[in-house]
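Below is one structure, written out as structure tokens; the observations come after it.
Read the figures in this text as sums done on the coordinates, not as results from a lab. Quick caveat: nothing in here was measured; it's all calculated off a predicted structure. Here the Cβ is made from the backbone with ideal geometry for all residues, glycine too, and neighbour counts use every protein chain on show.
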Amino acid sequence: MLKHGWGYEEWVAEFEAERERRAERGDPDWSRVTTLPAELTGSLQRFQLGEGGDGAELVAKAERAGDPVYARAVRLFVAEEQNHARMLARLLEAEGGGTLAGHWSDAAFVGLRRLLGLKVELLVLMVAEAVALRYYEAVRDGAADPLTSEVAGRIHADEVRHVPFHCLRLREALAPLPTPARRAAALAWRALLAGAAALVAVDHGPALRTLGVSRRAFVADTVRSSSPMAAAMSAARPTAPRPGRRVPLG
């Protein structure tokens with residue numbers, strides 16, 4: 001998952017190159033008629049809400065960290081997340097649904113992220129990224145509607161790139177700790193992820209069933225995929241991840 005030679009300047013270049021590729025590719029064809037099961041519509045509405053934050057708190061913390069190149073990369077990351085929210089909103093519009101003004105799960109997640117400093121925010125954000133990887137993979141592969149599958153595939157490809165970017169920063173944050181403390185932090189993060197995956201599996205269970213994924217399989221796949229992420233965060237030596245490599249999902 002991780003390779004030497006990638007720092008934040010490379011990440012800025014990667015995010016900017018992806019922005020250009022996205023502009024050249026253009027949007028999906030929103031004119032295609034979309035019909036989704038009600039369970040999946042409700043599920044996508046809640047994920048759209050989660051993607052739609054302005055990222056101001058994360059950007060502010062990144063700027064206070066004192067590395068302007070990293071802060072630039074974070075702003076570009078936030079822009080990609082906002083694009084996910086935009087595409088999901090367009091998808092829901094094409095389907096005839098709408099977006100949500102709020103939901104308890106999103107409020108709880110945002111509150112937890114903002115509880116402490118940048119390190120805690122990134123650890124919680126990485127929980128969301130790991131869950132999103134499995135969720136969008138399930139939508140991409142299981143949705144009967146081609147437009148929904150395409151949108152989920154585009155978002156999933158971005159999330160695959162985001163994971164090593166955040167792992168790099170977390171590795172730097174955890175590196176000063178002794179080895180037992182780094183391992184404990186990684187274990188605690190995986191435990192938090194397991195709990196979050198279980199909550200999502202319960203909350204989105206009906207939608208997952210329409211995609212051919214059981215609650216049990218969703219949780220198991222998400223937890224299994226977290227092993228290389230935890231290892232990347234808690235690595236002892238400085239390493240820098242290369243974007244674009246697929247994260248194993250079981």
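Within 10 Å of each residue's Cβ, count the other Cβ atoms and sort Ser226, Ser149 from fewest upward.
Details: Ser226 25, Ser149 16.
Ranking Ser226, Ser149 by Cβ neighbours within 10 Å, fewest first, gives Ser149, Ser226.
Would you kindly derive the ³J(HN,Hα) couplings of the stretch 159-172 from the backbone phi angles with the Karplus curve 6.51 cos²θ - 1.76 cosθ + 1.60 (θ = phi - 60°), listing them in order in whole Hz, with x for Gly and Pro?
For the stretch 159-172, the Karplus-derived couplings read 4, 4, 6, 5, 4, x, 4, 6, 4, 4, 5, 5, 4, 5 Hz, x marking Gly and Pro.
According to a simple spin-label model (label point 7 Å from Cα along Cα-to-Cβ), what is the distance in nm between Ser227 and Glu16?
3.9 nm
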